[in-house]
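Take a look at the structure below.
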Amino acid sequence: MPSLRELYPIPDIDPCWTVPQGFEAAFDWDYDDGRKQMMHLYQKGKDMQWDALTRVDWDEQLGEENPMGIPDELSGIYHTPVWGKMSDKEKAHCRRHFQSWTISQFMQGEQAALICAAKIVQQVPDLDAKFYASTQVMDEARHVEVYKKFIERFDVAYPMTKPLQTLVDQALRDSRWDMTYLAMQVVIEGLALAAFNNIRETASNPLAQMVNAYVMQDESRHVAFGRVTLRDYYPQLTQAERDEREEFLVEACYHMRDRFEGREIYEHLGLPVDECVAAQQQSGYMQAFRSMLFQRIVPIVRDIGLWSDKIQAAYDKMGVLDFANTNYDALVARDNERAEEFDEINRQKRQAYVEEVAALGASGPAAE
């Protein structure tokens, strides 16, 4: 199998991206028992480790014409003359690239999360937070592994988008540990959960549903980690420090909302880029999707205490303020339920296979 970089349709992608770092590694000499909630998350992080090679049923295949089985109506250009003029073969080609681009961004974001989690282990001052962040490092490595294995099925992959790269760069360069939390645990992970959920609930392909369900089960814990840590820390900040973090939040949310333009896909496919992007932005589905991206972020932002008039005005302008009343714990419970549903489906499939083999073995001598 070639490296994924060889599958990028965009030329001259650097094989490595480096971000200069300038922060202090903190050692905690207290070794106390830690916060109850944090140590509970740490225990769950240990208990819920899983193997990407064995938990996912990789025997499931992607579709030829529509790999993940996502309805065309959910495409931003479905109602445009551009889509209407395409042949069935051209539409199938576009679907593969559209879907590959989405999964590629998931994979690229997971590597960013892997590096940010490792940075948090070094920077965060409390040992209980270091303990949990260390389990997240393993989670993120597994997510990169699972999405890499998944994206190989498409035979095409895409590099990280510029808006996501900008936000990751900010998260890694900032020397303050809580800013890495805010960028990754709250914004990037929160938006990723909404995007994962979109595929988990709209795709008809079992492999696409399964991969995203399993990753979401982990990511829900990661957002909870940021929630617990920042909720304890932000009351200690000065108003000027809080204002700075709220300004970053507003900018970051706009960055992440706009990462879904996908201009590079249209350019590669030779489609009229501006026309496609304009149609996508006007699409009722895309407008609803962009709003739903903030379902997981807004209640967390309110919960950690960054809830000034400025933040509320920005979210109101984006049309997402009502998500502040979301029952976040119910969403987490649903994430766990969906992952467990796939575990049960796979268990039944394995059991049926064992029974089939046993039946064949039992019938062998009698047949002779």
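Springs between Cα atoms under 10 Å define the GNM used for the chain, and in it the highest mean-square fluctuation of 332, 215, 357 occurs at 357. Working ranking of peptides 10-17, 83-90, 224-231 by packing, defined as the average number of other Cβ atoms within 10 Å per residue, highest first, is 224-231, 83-90, 10-17.
Each principal axis of the Cα cloud of segment 86-237 was taken in turn, and the coordinate range along them, longest first, works out to 60, 28, 24 Å.
Legend: calculated FRET efficiency, residue 340 to residue 149, from the Cβ-Cβ distance at R0 = 25 Å, rounded to 0.05, equals 0.70.
Evaluate the chain: find the radius of gyration of its Cα atoms, find its Kirkwood radius, and give the ratio Rg to Rh. Walk me through the numbers on the way to the answer.
Working: Rg = 22.0 Å, Rh = 22.0 Å.
With Rg and the Kirkwood Rh in hand, the quotient comes to 1.00.
Placing unit charges on the Cβ atoms of the charged side chains and taking the dipole of the chain about its Cα centre, the candidate lying farthest along the positive direction among 326, 260, 273 is 273. Here the translational diffusion coefficient of segment 150-290 follows from Stokes-Einstein with Rh set to the Kirkwood radius across Cα pairs; for 20 °C and 1.002 mPa s it amounts to 125 µm²/s. The convex hull around the C-alpha trace of segment 279-352, projected and averaged over every direction, spans 7.3 square nanometres.
The modelled label-to-label distance between residue 241 and residue 330, using points 7 Å beyond Cα along the C-beta direction, is 3.6 nm.
Contact order, relative form, for the chain: 22 percent (alpha carbon pairs under 8 Å, 6 or more residues apart, mean separation divided by residue count).
Inter-part distance, segment 212-279 to segment 50-64, computed on C-alpha centroids, equals 28 Å. Most tightly packed first, judged by the mean number of other beta-carbon atoms within 10 Å of their residues, the peptides 298-304, 271-277, 345-351, 63-69 read 298-304, 63-69, 271-277, 345-351.
What FRET efficiency comes out for residue 51 versus residue 317 if R0 is 41 angstrom and r is the Cβ-Cβ distance? Round to the nearest 0.05. Write down the numbers at each step before the final one.
Values: r = 44 Å, r/R0 = 1.08.
So, using R0 = 41 Å, E works out to roughly 0.40.
Please check which bits of segment 144-169 a label hung off residue 267 would reach, taking the label as a point 7 Å along Cα-to-C-beta and the cut-off as backbone N under 20 Å. Under 20 Å, as judged by backbone N against the label point of residue 267, lie 156-169 of segment 144-169. Partners of residue 349 within straight-line reach, counting aspartates and glutamates whose Cα lies under 15 Å from its Cα and excluding those fewer than 8 residues away in the same chain: 57, 59, 60, 340, 341.
In whole angstrom, segment 229-336 maps to an equivalent ellipsoid with semi-axes of 31, 17, 12, each derived as √(5λ) from the alpha carbon gyration tensor and ordered largest first.
Under 28 Å Cα to Cα from residue 119, which lysines show up? Leave out anything in the same chain fewer than 8 places away. Excluding near neighbours in sequence, the set is 36, 44, 46, 130, 148, 149, 162.
Which three semi-axes in whole Å describe the equivalent ellipsoid of segment 1-47, each the square root of 5 times a Cα gyration tensor eigenvalue, listed largest first?
Working: eigenvalues 332, 77, 13 Å².
Listed largest to smallest, the semi-axes of segment 1-47 are 41, 20, 8 Å.
The residues packed around residue 139, meaning those with a beta-carbon under 10 Å from its beta-carbon, carry a net charge of -2 if Lys and Arg are +1 and Asp and Glu are -1.
Highest mean packing comes first when the peptides 237-248, 95-106, 183-194 are listed by Cβ atoms within 10 Å, giving 183-194, 95-106, 237-248.
Note on residue 59 and residue 287: the model spin-label points, each 7 Å out from Cα along the C-beta direction, lie 4.6 nm apart.
The numbers here are math on the coordinates, done by the rules we state, and not lab data. Being a predicted model, the structure only gives us computed values, none of them experimental. Here Cβ is always computed from backbone atoms with ideal geometry, including for glycine, and neighbour counts include all displayed protein chains.
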